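Structure, as structure tokens:
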Amino acid sequence: MSVNTFGRVFRFSTWGESHGPALGAVVDGCPPGLNLDEGTIQPFLDARRPGQSKFTTQRKEPDAVRILSGVFEGRTTGTPISLMIENVDQRSRDYSEVARAYRPGHADYAYDAKYGFRDYRGGGRSSARETAARVAAGAVARLVIPEVSITAYVSEIGGDAIDPANFDLQEIARNPFWCPDADAAARWAERVDEARLSGSSLGAVVACMADGVPAGWGAPVYAKLDADLAAAMMGINAVKGIEIGDGFEAARLSGEENADPMRPAADGSTPQFTANHAGGIAGGISTGQPITLRVAFKPTSSILTPVDTIDSDGAATQIRTKGRHDPCVGIRGVPVVAAMMALVLADHKLLHRAQCG
């Protein structure tokens with residue numbers, strides 16, 4: 001069985017391949033009466049769209065979304081919302097070598113081992129092109145959680161991290177790296193361009209914060225909010241790790257250092273926290289603090305540098321992947337991470353409402 005659906009109450013299924021005629025998503029469980037049209041979704045797809053700078057793939061896709069169902073007179077009806085994005089700039093001829101040999105680090109061999117058959121054009125279903133459908137679904141999810149503000153940005157490329165002292169929220173939209181540190185963005189421009197020109201690629205770390213999530217979303221055992229966020233982020237192409245709050249650093253702290261001390265609120269409402277090592281989640285349930293996480297993207301596997309591999313007959317060979325590929329896939333991963341954050345939070349808001357009213 002191939003699993004293509006995510007979520008419990010707010011659910012979405014994606015469909016389509018990298019070089020097929022179109023791809024899309026079906027969103028189910030969306031409450032009725034929310035204002036929705038293509039213009040609501042398009043800005044998020046534009047943020048992920050390829051070909052916007054020399055630091056991303058030069059595939060030219062408008063990524064124009066069409067709503068096929070679930071909306072009437074500009075409002076959601078409570079029925080499945082079908083979203084479609086046409087592929088208009090495929091170049092399948094670029095993948096002639098991939099048809100004969102496996103790209104190390106890509107899903108080629110594992111896909112073939114599972115199904116005994118694969119669509120080698122851009123990786124087919126295993127291509128990061130599929131994430132456009134997630135971003136479209138995430139735009140719908142944001143309508144369910146208007147109280148939440150989500151911010152995502154690149155915090156590190158190729159081992160070069162931002163300086164927290166230079167953090168500027170407004171800077172994120174001013175450079176092609178979604179970087180809040182102007183000095184780091186200038187350094188990255190040289191590093192990513194060098195990797196691109198040499199036929200190589202770089203990894204990246206994407207940070208994401210959700211502010212405004214109230215205390216109480218999540219569950220203590222099998223629907224932990226942090227577990228679902230981890231599953232959502234690990235399901236993104238090229239992601240190899242996730243940290244919530246302090247993440248692995250928490251293992252290096254003492255109990256008192258890792259605690260998030262609480263003080264009474266002046267108005268007697270929710271407590272005031274003096275730290276957020278837990279990333280806004282304790283025992284699988286949101287605490288009311290900002291939810292923070294970091295996602296590690298590996299370097300793009302499709303590179304021009306020759307790499308040892310085997311062909312479909314098991315014989316030794318080398319492969320260099322032609323075509324148009326991101327020299328740092330984590331850059332365009334920023335809107336995808338934000339979309340998956342929104343999708344998980346929308347689902348958990350509705351789960352909480354279903355159980356607790």
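So here's what we get for this one:
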item	result
Sole residue being closer than 20 Å to P214 by Cα, outside any strand (DSSP E or B) and in contact with a Cys (Cβ under 9 Å, 6 or more places away or on another chain), chosen from A152, A141	A141
R353 being in contact with an Asp or Glu (Cβ under 6 Å, 6 or more places away or on another chain), of a type in the set (K, R) and modelled with pLDDT of 95 or more	no
The stretch 249-276 - residue that is within 21 Å of A207 (Cβ to Cβ) and not in a loop (DSSP other than H, G, I, E, B) and, of those, least open to solvent (accessible area, probe 1.4 Å)	A250
Per-region count, the stretch 11-22, residues open to solvent by less than 60 Å² (accessible area, probe 1.4 Å) and modelled with pLDDT of 95 or more	3
Hits in the stretch 146-171 - residues which are charged (D, E, K, R), touching a residue at least 24 places away in the same chain (Cβ under 8 Å) and under 23 Å from G280 (Cβ atoms)	E147, E156
Test: residue in the stretch 172-189 that is in a strand (DSSP E or B), touching a strand residue (DSSP E or B) at 6+ places or on another chain (Cβ under 9 Å) and surrounded by 24 or more Cβ atoms within 10 Å (Cβ to Cβ)	no
Selection within the stretch 109-133 - among the basic types (K, R) and either touching a residue at least 40 places away in the same chain (Cβ under 8 Å) or surrounded by 18 or more Cβ atoms within 10 Å (Cβ to Cβ) (or both)	R118, R121, R125, R129
Sole exception among (1) in a loop (DSSP other than H, G, I, E, B); (2) at pLDDT 95 or above; (3) under 29 Å from S302 (Cα atoms) for V98, by number	(2)
Test: G279 is surrounded by 18 or more Cβ atoms within 10 Å (Cβ to Cβ), assigned to a loop (DSSP other than H, G, I, E, B) and free of Cβ contacts under 8 Å to residues at least 60 places away in the same chain	yes
Residue match in the stretch 156-168 (condition: touching a Gly at 6+ places or on another chain (Cβ under 8 Å), open to solvent by less than 60 Å² (accessible area, probe 1.4 Å) and part of a helix (DSSP H, G or I))	no
Matching entry among I303, I285, I310 (being within 30 Å of S200 (Cβ to Cβ) and surrounded by fewer than 21 Cβ atoms within 10 Å (Cβ to Cβ))	I310
Selected residue [in contact (Cβ under 8 Å) with a residue 60 or more places away in the chain and of a type in the set (S, T, Y)] from S301, S254	S301
Tabulated pairs, the stretch 200-217, first open to solvent by 30 Å² or more (accessible area, probe 1.4 Å) and at pLDDT below 95, second in a loop (DSSP other than H, G, I, E, B) and aliphatic (A, V, I, L, M), C-beta under 8 angstrom, 6+ apart or interchain	S200/I303; S200/L304
Residue list for the stretch 27-39, filter: touching a residue at least 40 places away in the same chain (Cβ under 8 Å), open to solvent by 50 Å² or more (accessible area, probe 1.4 Å) and either among the charged types (D, E, K, R) or part of a strand (DSSP E or B) (or both)	D28, N35
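The values are calculated or read from the model by the stated rules, or taken from the named source; none is laboratory data. All values derive from a computational prediction rather than experimental measurement. So basically every Cβ, Gly included, is an ideal-geometry build from the backbone, and we count neighbours across all protein chains shown. Ligands, DNA and RNA are stripped out before the accessible areas are found, and what is left, the full protein with its side chains, is counted by its heavy atoms. Shrake-Rupley method; radii C 1.70, N 1.55, O 1.52, S 1.80 Å.
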